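The values are calculated or read from the model by the stated rules, or taken from the named source; none is laboratory data. No experiment lies behind these values; they were computed from the predicted model shown. A quick note on method: Cβ atoms are made from the backbone with ideal geometry, for glycine too, and the neighbour counts reach across all protein chains shown. The accessibility values were calculated without ligands, DNA or RNA, using every heavy atom of the protein model including side chains. Shrake-Rupley method; radii C 1.70, N 1.55, O 1.52, S 1.80 Å.
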Amino acid sequence: QFTTRVVSCREAELRPEGGGEPVRGFQVVLEDTILFPEGGGQPDDRGLIGDVPVLRVTRRGPEAVHFVPAALEPGAEVLLSLDWERRFDHMQQHSGQHLISAVAEQMFGFKTTSWELGRQRGVIELDTPLVTAEQVEALEKSVNEKIRDRLPVTVRELAADDPEVETVRSRGLPDDHVGPVRVVDITGIDSNLCCGTHVSNLSDLQVIKLLGVEKGKKNKTNLIFLVGNRVLKSIEQSHSTEKALTSLLKNGPGEHVEAVKRLQSSVKLLQKNNLNLLRDIAVLIARDFKSKPAPKQLFVLHRKEGDSEFMNIIANEIGTEETLLFLTVGDEKEAGLFLLAGPAEAVENLGPRVAELLGGKGAGKRGRFQGKAAKMSRRGEVQALLQEFISHQNPGA
């Protein structure tokens, strides 16, 4: 916690990180703050000003701007409280990134070009097109050895024109930077220009787990990592999943993969058999319709289990020169697929109207119009529309 004063408060809007409508509130500047504004690859802190929650902290030149939902009185003394759990997580991930980047460069010459602290995992972009599994394993072993060595992490400030700044690892300063520069040192390992929050000793990192690599942009490689409490949470989630799979598959964790492979093979065989049966059923439905002495001008069919191929087989078998077909598949109360087939002119006129009634979209050519339907429950309205069309075409029907 920290006591300070409100300098200014003005109305503003905040656009949510996940998108959506802007949130109305206020931008507050304090005399000083313990809440970190987003920057340098690290997200911002959260906390309270009095009892008012801070929803975002951004940097504007040398100032930290706090977005809050309620107005605060300029000049008022306020108690600032920090969300420590969020802060400590960011400290662990950020110091862990410094350690990984420094050791990766020392061991393999891989330079870090950027990094991102995500909600679930961290990502370091390395300036190399390839990182082998053996290199990842060696890097993970080395950084965890450094954690066990309990190396101090210290912070110092230098004047922007200090010659020593040129000897410190850096990706450059922001264009609007003012004042001294901040250097974060891991004793004997790394010196790095950084504005972020860090632990004071590598032992606070607990452990680092490298999850592997992914192909990055422009001949770069993304290294995925977890530090400290995120590793513990990941293990907890994995263990919960393992327990659930053990219960479902009725075997031990070491047999889960083989059990799932067997299930996948069984499902593929069942799907193949099901498709063959659906094709046979489609042919039988069509032949039954054609065998009747006076086939109807309208044929309507819905089947929950089916696909577009099932509907097209029926249309092919029946033929669409004289009969208008309205076929649907899927759950009647949810979304599904539809096919309208018949005389080309009729289908061309009716297709868009059928799609509109079903709350879906479709396209057609050569006497067929098919697509997705969002409102299968309105099939009855479509059938009434088609029946009315046929009645107008043939008043004696």
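Condition test on residue 179, is it assigned to a loop (DSSP other than H, G, I, E, B), farther than 13 Å from residue 94 by Cα and open to solvent by less than 50 Å² (accessible area, probe 1.4 Å)? Break it down into steps so the answer makes sense when it comes.
Values: assigned to a loop (DSSP other than H, G, I, E, B): yes; farther than 13 Å from residue 94 by Cα: yes; open to solvent by less than 50 Å² (accessible area, probe 1.4 Å): yes.
It is true that residue 179 is assigned to a loop (DSSP other than H, G, I, E, B), farther than 13 Å from residue 94 by Cα and open to solvent by less than 50 Å² (accessible area, probe 1.4 Å).
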Exercise. Exactly one of (1) assigned by the TED database to the domain that holds residue 190; (2) open to solvent by less than 50 Å² (accessible area, probe 1.4 Å) is unmet by residue 137. Its number?
Worked result: (2)
Exercise. Only one of (1) at pLDDT 90 or above; (2) touching a strand residue (DSSP E or B) at 6+ places or on another chain (Cβ under 9 Å); (3) over 30 Å from residue 270 (Cα atoms) fails for residue 297. Which number is that?
Worked result: (1)
Exercise. For segment 193-212, how many residues meet the condition of being closer than 23 Å to residue 229 by Cβ and assigned to a strand (DSSP E or B)?
Worked result: 6
For this session: Find the residue count for segment 320-345, including only residues that are within 21 Å of residue 277 (Cα to Cα), among the small types (Gly, Ala, Ser) and over 31 Å from the mean Cα position of the chain (by Cα).
Result: 0
For this session: Evaluate segment 280-287: report whether one residue or more is within 30 Å of residue 318 (Cβ to Cβ) and not assigned by the TED database to the domain that holds residue 311.
Result: no
For this session: Tell me, please, whether a residue that is charged (D, E, K, R) and more than 40 Å from the chain's Cα centre (by Cα) can be found in segment 370-387.
Result: no
Problem set entry | Condition met for residue 67 (surrounded by fewer than 17 Cβ atoms within 10 Å (Cβ to Cβ), farther than 19 Å from residue 193 by Cα and among the aromatic types (Phe, Trp, Tyr)) | no
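Does residue 25 satisfy being small (Gly, Ala, Ser), surrounded by 15 or more Cβ atoms within 10 Å (Cβ to Cβ), more than 30 Å from residue 151 (Cα to Cα) and not assigned by the TED database to the domain that holds residue 194?
Details: small (Gly, Ala, Ser): yes; surrounded by 15 or more Cβ atoms within 10 Å (Cβ to Cβ): yes; more than 30 Å from residue 151 (Cα to Cα): yes; not assigned by the TED database to the domain that holds residue 194: yes.
Taking the combined requirement at face value, the residue satisfies it.
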For this session: Inspect segment 349-362 for any residue being at pLDDT below 90 and touching an Asp or Glu at 6+ places or on another chain (Cβ under 7 Å) and give the result as yes or no.
Result: no
For this session: For residue 246, indicate whether it is touching a Pro at 6+ places or on another chain (Cβ under 7 Å) and crowded, with 16+ Cβ neighbours inside 10 Å.
Result: no
